[in-house]
Amino acid sequence: MASAFDVTDQDQVRAGIDAIEANVGPIEILVNNACLQHRQPLLDVRLADWNRVFTTDLTSAFLVGREVARHQLARGSAKIINICSVQTDLARPSNAPYTAAKGGLRNLTPP
């Protein structure tokens, strides 16, 4: 089963998660794994590219996780897994937006 929606768009996320819950069944486990990288020296990174990486790698996990959690918590059950990266703790040159976003995702995830 697949359900396509833009994980960076709050309205599409809400509609997509509601449709899955209504037509497929409860989402028991969510794995947030959407990501992309933009490799370029930090001084050359355009704000639009920085924002694109953060929106895809961090904001999407917040949006999808929040909507899924609304349903899960109402049922008394919640399993959400956020996929980070070794670069969460080990930054590589020319990959600052990805490293910062994955660090944010780690910190968004409770222990």
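List the trypsin sites (Lys or Arg not before Pro) within segment 1-66 that DSSP assigns to loop and that have no more than 11 neighbouring Cβ atoms inside 10 Å.
Arg46
Provide the FRET efficiency to the nearest 0.05 for the Asp9-Arg75 pair, computing r from the beta carbons and using R0 = 25 Å.
E(calc), rounded to 0.05, equals 0.50.
Considering every Cα-Cα pair within the chain, what fraction, in whole percent, is farther apart than 25 Å?
For the chain, the fraction of Cα-Cα distances above 25 Å is 27 percent.
Work from the charge dipole of the chain (Cβ charges, +1 for Lys and Arg, -1 for Asp and Glu, about the Cα centre) and give the residue of Gln87, Ser77, Ala15 farthest towards its positive end.
About the Cα centre, the residue reaching furthest to the positive side is Gln87.
Please identify, among Thr55, Thr99, Thr88, the residue showing maximal mean-square fluctuation in a Gaussian network model of the chain using a 10 angstrom Cα cutoff.
Thr88
Tell me, what HN-Hα J-couplings in whole Hz come from the Karplus equation 6.51 cos²θ - 1.76 cosθ + 1.60 at θ = phi - 60° for each residue of segment 26-38, using x for Gly and Pro?
x, 7, 7, 9, 10, 10, 8, 9, 5, 6, 8, 10, 9
Read-outs throughout are calculated quantities, based only on the coordinates presented, and are distinct from any laboratory measurement. Owing to the predicted nature of the structure, the values given are computational and were not obtained by experimental measurement. Using ideal geometry, Cβ is built from the backbone for each residue, glycine included, and neighbour counts are taken over all protein chains shown.
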